[in-house]
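A short write-up of the structure that comes next.
What follows draws every value from the coordinates through simple rules; no lab data is involved. Small disclaimer: the values here were computed from a predicted structure and weren't measured. When we count neighbours, we look across all protein chains shown, and the Cβ atoms used for this are built from the backbone with ideal geometry, even at glycine.
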Amino acid sequence: MRWNQAQIDSLLDGMAEALALDSGEPPPSLVGIQSGGAWVAEALNQRLPTPLPLGRLDVSFYRDDFDTRGLKRSVKPSDLPFDVDGANLVLVDDVLMTGRTIRAAMNELFDFGRPASIRLAVLFDIGHRQLPIRADICGETLALPPHQRVELAGPAPLTAEIRDIRPEE
Amino acid sequence: MTLAPPPSSRVQLTEDGKLRHFLSVEHLPRSLLEDILDTAASFVDVGGRAIKKVPLLRGKTVVNLFFESSTRTRSTFELAAKRLSADVLNLDIAKSATSKGETLLDTLRNLEAMAADMFVVRHQDSGAPFFIANEVTPRVAVINAGDGRHAHPTQAMLDMYTIRHYKGGFAGLRVAIVGDILHSRVARSQIHALNILGAEEVRLIGPRTLLPTDVEQLGVTVFTDMAQGLKDVDVVIMLRLQKERMDSALLPSEGEFFRLYGLNNEKLRHARPDAIVMHPGPINRGVEIASEVADGPRSVILNQVTFGIAVRMAVMSMTISGQESNPDHGGDHGR
């Protein structure tokens, strides 16, 4: 199964609409998780009537699987060009599955300060959660068997497809 | 520099080419050195956060095993480990008169019994960290924090980070290393790193008595005259004149050395106008470098210290990662 650029665009339009309804005070800041989440956050921001402050987060140093998988190659610096203290944040990722990346991202955010709130926007939710985490804004929910993943390609154009991964490691 | 240990670079890498120990820059692939610099870049920003810590090495124990005294290197390794949330034990072990191999091995076994995950080793004998890496139990990482006249790889990598930060890369760069090359493990590691990373030209400048005889084999150009050697260089790296060796017949006097090889503004004019000046520290003002240069606008000496913490964080997390990661586990990080 594949999503072409137009199909991804329409998912993003829906998400941006839901995001625009949000009228928090202060207005929210977007935080995209490297790399797919950062692409989605950027694409969402382009669709908003007024662009929001946009940051990027690389959660590699906060992952809970460092002991078994080691450090990812090419970690990118996190870049949050706004004050996290008291901010309303919208964390953005491409795919939500176990919830472990989101947990790592929240841990990292709290090392920058104490946000007033954090909400979660994802392009795809593919289930198989292992932590009590859910998306506030979601492009599309999929029920995938355990050996399948959605992979986003980008940053422009954004497309996605379902791929088989190797049998359970 | 004549006491090179056997080329056992294989001990540094896992079967799939990841860093397991960091003992020497020599023979490492360019991509790995670039990985270290890239990873360090992401750690630099951690130093500027409200909470200057990441949980990567939480629950790990790092032992700083210093057989030779050091303030700066040891404290930056300690800070690097702490910023990675590791527990740190500092051991300053005085030089022992007893048989070194035996003492070292005994020390090692005792520390292993404390379930250490990493040894950061400084030793007056060239090759000691290699010996330890070969003897240590599996899953313990060893980092060389300076051995004899052989190598000081984390210092060299922080220097490479500094150069890349200010110059954008290594292509076309002319780098001069000045002073007491003979006694310098830093210079040796820098020469290897610069050549691996593709610097245009590495120049060594110093009196004949402080240059190793066969040094051209390392891929460098040798100058005994500062004005000629500094001409059009992009980077000047000054080395500490090891004052403890001034008594020997290698040098006439400190004053004479400064007149010929000490860096002042006048000599620096021969370098490119945008050249940066580096020094691994501690600096001897008025011996190898004048205060007007050390404190001047071209000096990046203190920035080197800041970058050093990030580079050591990178090497520590990469070597621990090289112990832990199982090559059978693929690249799919769970979502």
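With θ taken as phi - 60° and the Karplus curve 6.51 cos²θ - 1.76 cosθ + 1.60 applied, the whole-hertz 3J(HN,Hα) list for the range B:279-285 is 7, x, x, x, 8, 9, 5 Hz, x standing for glycine and proline.
Counting only other chain Cβ atoms within 10 Å of each residue's Cβ, the peptide B:42-51 averages 4. Take the alpha-carbon centre of the range B:12-44, take the same for the range B:200-279, and report the distance between them in whole Å. Between the Cα centre of the range B:12-44 and that of the range B:200-279, the gap is 29 Å.
Stokes-Einstein diffusion of chain B at 20 °C, 1.002 mPa s viscosity, Kirkwood radius from Cα pairs, rounded to a whole number: 105 µm²/s. Annotation: the antiparallel percentage among DSSP beta bridges lying fully within the protein assembly as shown is about 15. Here the simple spin-label model places points 7 Å from the Cα toward Cβ, and for A:Gln130 and B:Glu34 these points are separated by 3.3 nm.
Taken residue by residue and averaged, Cβ atoms of other chains lying within 10 Å of the Cβ of A:107-117 number 2. Per residue, the convex hull spanned by the Cα atoms of the range B:153-301 measures out at 95 cubic angstrom. When the P(r) of the protein assembly as shown is calculated, the portion above 38 Å amounts to 36% of the C-alpha pairs. Here the Karplus curve 6.51 cos²θ - 1.76 cosθ + 1.60, taken at θ = phi - 60°, turns the phi angles of the range B:290-299 into couplings of 7, 4, 4, 8, 4, 9, x, x, 8, 6 Hz, with x standing for Gly and Pro. Distances between placed amide hydrogens fall under 5 Å for A:Gln34 paired with A:Leu57, A:Asp58, A:Val59, all partners being 5 or more residues away or on another chain. As a rough guide to protection, the peptides B:85-93, A:105-113 ranked by mean Cβ packing within 10 Å, highest first, stand as A:105-113, B:85-93. Mean per-residue shielding of peptide B:52-63 is 3, counting Cβ atoms of other chains within 10 Å of each Cβ.
In the range B:153-301, Cα pairs under 8 Å separated by at least six residues give a relative contact order of 23 percent.
Within chain A, antiparallel bridges make up roughly 30 percent of the DSSP beta bridges whose residues both belong there. Evaluated with a Cβ-only charge set (Lys, Arg +1; Asp, Glu -1), chain A carries a dipole of roughly 360 debye about its Cα centre, given to the nearest 20.
Given a 10 angstrom Cα cut-off, can you work out which residue in B:Arg174, B:Arg272, B:Arg185 is the most mobile in a GNM of chain B? It is B:Arg272. At q = 0.10, 0.12, 0.13 Å⁻¹ the log10 of I(q)/I(0) for chain A amounts to -0.36, -0.52, -0.61, computed by Debye summation with a single uniform scatterer per C-alpha, solvent ignored. Ranking B:Ala151, A:Pro115, B:Gln242 by Cα position along the charge dipole of the protein assembly as shown, where only Lys, Arg, Asp and Glu carry charges on their C-beta atoms, puts B:Gln242 farthest toward the positive end. Around the Cα centre of the protein assembly as shown, unit charges on the Cβ atoms of Lys, Arg, Asp and Glu (plus for the first two, minus for the last two) sum to a dipole of about 860 debye.
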